[in-house]
Amino acid sequence: MWYNSVMNIPADDFILLSVVNTKLRDEYPSLTAFCDEEEVSAQEIVLRLAKIGYKYDEDGNSFIYGFNR
């Protein structure tokens, strides 16, 4: 990318969910690619979103609600 893409992690978990899912949908083929490019911790994102009931779905390349899906 031609611009500085290093992301500041939103403090609010639901805003984080929205930002990450939007970027995964529009710009990145995987969570790993997103985290590498944006220089953020995948572990931090996964743990924070798990606290509000979301998990990463590799097939859909997005965080989805519920652990029984």
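The values are calculated or read from the model by the stated rules, or taken from the named source; none is laboratory data. Given the structure is predicted, the values throughout are model-derived calculations rather than measurements. Counting neighbours? That spans all protein chains shown, and the Cβs are built from the backbone with ideal geometry, glycine included.
Would you call ALA33 within 10 Å of the chain's Cα centre (by Cα), aliphatic (A, V, I, L, M) and either modelled with pLDDT of 95 or more or surrounded by fewer than 16 Cβ atoms within 10 Å (Cβ to Cβ) (or both)? Taking the combined requirement at face value, the residue does not satisfy it. The C-beta contact set for the stretch 12-30 (first residue over 11 Å from TYR54 (Cβ atoms) and hydroxyl-bearing (Ser, Thr, Tyr), second residue modelled with pLDDT under 95 and outside any helix (DSSP H, G or I), distance under 6 angstrom, 6+ apart or interchain) is empty.
In the stretch 21-56, the qualifying residues are those that are touching a Phe, Trp or Tyr at 6+ places or on another chain (Cβ under 6 Å) and assigned to a loop (DSSP other than H, G, I, E, B), and the one that is farthest from ALA11 (Cα to Cα) is TYR28.
Residues that are within 11 Å of the chain's Cα centre (by Cα) and either free of Cβ contacts under 8 Å to residues at least 24 places away in the same chain or within 14 Å of MET7 (Cβ to Cβ) (or both) within the stretch 49-69 comprise LYS55, ASP57, ILE64, listed in sequence order. For the structure I just gave you, tell me whether ILE15 is at pLDDT 95 or above and either exposed (fewer than 13 other Cβ atoms within 10 Å of the Cβ) or assigned to a loop (DSSP other than H, G, I, E, B) (or both). So ILE15 fits the description; yes. Taken over the stretch 18-30, the residue count meeting the criterion of being among the hydrophobic types (A, V, I, L, M, F, W, C) and loosely packed, with under 11 Cβ neighbours inside 10 Å is 0.
Limited to the stretch 42-52, what total is found for residues that are loosely packed, with under 12 Cβ neighbours inside 10 Å and not hydrophobic (A, V, I, L, M, F, W, C)? Adding up the residues that qualify gives 2.
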